[in-house]
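Written below as C-alpha cells is the structure these notes are about.
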Amino acid sequence: MILSQLITSPKVYHAVIDYLDWRIWGLLFSFPFLALRSFLVGITQTRALTIAALSAVLVNILGNWMLIFLLDMGIAGAAIASSVAELCSLAILSIHIQNMNKQPYGLYWQFDKNILFRVCRISAWSMFHSFISVAPWFLFFVAIEHLGELQLAVANIIRSISTLFFVIVNSFSSTASSLISNMIGAKERKCVFPLCNQIIRLGYAIGFPFITLALIFNQSIISVYTNDPIVIRTAWFPFTVMLLNYVFALPGYVYINAVIGTGATRTAFIFQSTTIITYILYLYGLRLWNVPFATYWTVEYLFVIGLGIQAVIYLKYKHY
C-alpha cells in the first residue's frame with residue numbers, strides 16, 4: 001500500500017514487489033551473519049570474512065546468470081540469488097566459528113542477565129542506526145523514480161557499480177570501529193585521530209586506483225549492464241559524481257564508526273538521524289528546483305560530510 005503511493009510507474013511497482021517477495025527471506029540469514037561478522041571483526045580474525053565475502057560474490061554472480069538468463073526469472077531471480085549468497089556467507093562463518101578454539105573467547109552457552117542488559121543498552125542504538133541507514137537510499141530511489149524510467153535505470157546501474165567502492169569504505173570503517181574499541185580499552189585515547197587518519201590514507205591508496213580506472217573505462221563498465229546508447233550517455237555524468245564521492249565517504253564513515261567504537265552508539269544514532277533529516281530536506285529541494293539528473297547524486301556528498309563533521313567534533317571535544 002505504501003509503495004503504491006510512492007511509485008508512479010505500475011511496471012516499476014510490480015517489479016519491486018516481485019523482488020521484495022523473495023529478497024525478504026535473506027533477512028533470516030543476514031541477521032545472524034552480521035552478528036558473527038561483528039564478533040570476528042572484534043577479535044581481529046577477518047580471514048573467514050574475506051572467504052565469506054568472495055564466496056557470496058561468486059554465488060551471487062553465478063546465481064544471477066543462471067536464474068535471470070537461463071531460467072528467465074527476471075528480477076525475482078536476482079532476489080533469490082542475493083538471498084542464497086547470504087545463506088552461503090552465513091554457512092561459511094558458522095563452520096569457521098564451530099571449528100575455532102572457543103575457550104579464549106568464552107563461547108559457551110550461559111545466561112547472564114547483567115551482561116545481556118549491558119549489551120542491549122549499547123546494541124539497541126546500533127540496531128536503530130542500521131535500520132534507518134537504508135532510509136536515504138530508499139528515499140533517493142523514490143525521488144529518482146519520479147524523474148522517469150530512464151533515470152531510474154541509470155540510477156540502478158550506478159548504484160550497482162558503487163557497491164564495489166562501498167565495500168572498500170565499509171571494510172575500512174568497520175576495521176576502524178574495532179581498532180578504536182581495542183585502543184580505548186588499552187587506555188590509548190590520544191591515538192584515536194592518528195589511527196583514523198592512517199586508515200583513511202590507506203583507504204585512499206587502495207581506492208583511488210580503482211576510481212581512476214573506472215573514470216577512464218566508464219563506458220566499458222556501464223556497457224556491461226546495458227547496450228542502450230541513451231542509457232550509457234545519460235549515465236556518464238552522474239557516474240563521475242558518484243565516483244568522486246569516495247573522497248568524502250571514506251573519512252565520513254571512518255569517523256562515524258570511530259564514534260561507534262567508543263561505545264557511544266546512541267550518539268551515532270543521533271548523528272545519523274539529524275543527517276537523514278537534512279538529506280530529506282535537500283532531496284525535496286532538488287525536486288522543487290527541477291535540477292539536472294546528476295545533481296541528485298550530490299545528496300550523497302551532503303550525507304557523508306554531515307556524518308563526518310559531527311563525528312569529528314564529538315571525537316575532538318568529548319571525553320570518552
Checking the stretch 19-102 for trypsin sites (Lys or Arg not before Pro) in a loop per DSSP with at most 16 other beta-carbon atoms within 10 Å yields Lys102
Just tell me which lysines come within less than 24 Å, Cα to Cα, of Lys113; anything on the same chain fewer than 8 places away is out. Lys102
Probe radius 1.4 Å, ligands and nucleic acids ignored: give me the carbon and sulfur share of the accessible area of the stretch 1-115 as a rounded percent. 69
How about the stretch 250-320: which trypsin sites (Lys or Arg not before Pro) there are in a DSSP loop, with at most 11 other Cβ atoms within 10 Å of their Cβ? Lys318
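State to the nearest 20 debye the size of the charge dipole of the stretch 155-236 about its Cα centre, where the only charges are +1 on K and R beta carbons and -1 on D and E beta carbons.
Working: 6 positive and 2 negative charges, 65 e Å.
Once rounded to the nearest 20, the dipole reads 320 debye.
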Mark the label point 7 Å from the Cα of Ser123 along Cα→Cβ and return the residues of the stretch 259-299 whose backbone N is within less than 19 Å of it. 260-269
Run lengths n ≥ 4 of DSSP H only: what is the helix-derived mean residue ellipticity at 222 nm for the chain, with -39500 (n - 2.57) per run over all residues, to the nearest 500? -27000 deg cm²/dmol
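Under 1.5 on a/c is rounded, so check that first for the stretch 73-148, then, if it is not, pick prolate when a/b is larger than b/c and oblate when it is not; a ≥ b ≥ c are the square roots of the alpha carbon gyration tensor eigenvalues. Walk me through the numbers before you get to the answer.
Details: a/c = 4.48, a/b = 1.57, b/c = 2.85.
Oblate, because a/c is 1.5 or more while a/b does not exceed b/c.
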Solvent exposure of the chain as accessible area per residue, Å², 1.4 Å probe: 58
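Which value, in debye to the nearest 20, describes the size of the charge dipole of the chain about its Cα centre when Lys and Arg Cβ atoms bear +1, Asp and Glu Cβ atoms bear -1, and nothing else is charged? Write down the numbers at each step before the final one.
Numbers: 18 positive and 10 negative charges, 262 e Å.
Its charge dipole is roughly 1260 debye.
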Measuring from the longest principal axis of the C-alpha atoms of the chain, the long axis of helix 229-244 (C-alpha) lies at a number of degrees, nearest 10, equal to 30
Heavy atoms only, probe 1.4 Å: what % of the accessible area of the stretch 238-320 goes to carbon and sulfur, would you let me know? 68
Efficiency by 1/(1 + (r/R0)^6): what FRET value for Lys11 and Arg287, r their Cβ-Cβ distance, R0 = 22 Å, to the nearest 0.05? 0.55
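What's the local net charge at Arg118, with K and R +1, D and E -1, over the other residues with C-beta under 15 Å away?
Numbers: positive: Lys113, Arg121, Arg266; negative: Asp112.
Within the 15 Å Cβ shell, the charges total +2.
Under the 0.36 nm per residue contour assumption, what length would be gained going from the current alpha-carbon distance of Phe138 and Asp112 to full extension?
On the way: separation 26, 0.36 × 26 = 9.36 nm, distance 3.84 nm.
Full extension of this stretch gives 5.5 nm more.
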Summing Lys, Arg as +1 and Asp, Glu as -1, what charge do residues with Cβ under 14 Å from the Cβ of Ser171 carry, Ser171 excluded? +2
Please say if the stretch 131-289 is rounded, prolate or oblate, where rounded means a/c under 1.5 for a ≥ b ≥ c the square roots of the C-alpha gyration tensor eigenvalues, and otherwise the choice is prolate for a/b larger than b/c and oblate otherwise? oblate
Under 1.5 on a/c is rounded, so check that first for the stretch 45-204, then, if it is not, pick prolate when a/b is larger than b/c and oblate when it is not; a ≥ b ≥ c are the square roots of the alpha carbon gyration tensor eigenvalues. prolate
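Place a +1 charge on the Cβ of each Lys and Arg in the stretch 30-178 and a -1 charge on the Cβ of each Asp and Glu, then give the dipole magnitude about the Cα centre in debye, rounded to the nearest 20.
On the way: 7 positive and 5 negative charges, 138 e Å.
So the magnitude is around 660 debye.
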Rg over Rh of the chain, using C-alpha atoms and the Kirkwood radius, what does it come to? 0.97
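The values are calculated or read from the model by the stated rules, or taken from the named source; none is laboratory data. If you're wondering where the values come from, they're calculated on a predicted model, not measured in any experiment. Note that we place each Cβ from the backbone using ideal geometry, even for glycine, and neighbour counts take in every protein chain shown. These area figures cover heavy atoms from the full protein model, side chains too; ligands, DNA and RNA do not enter into them. Shrake-Rupley method; radii C 1.70, N 1.55, O 1.52, S 1.80 Å.
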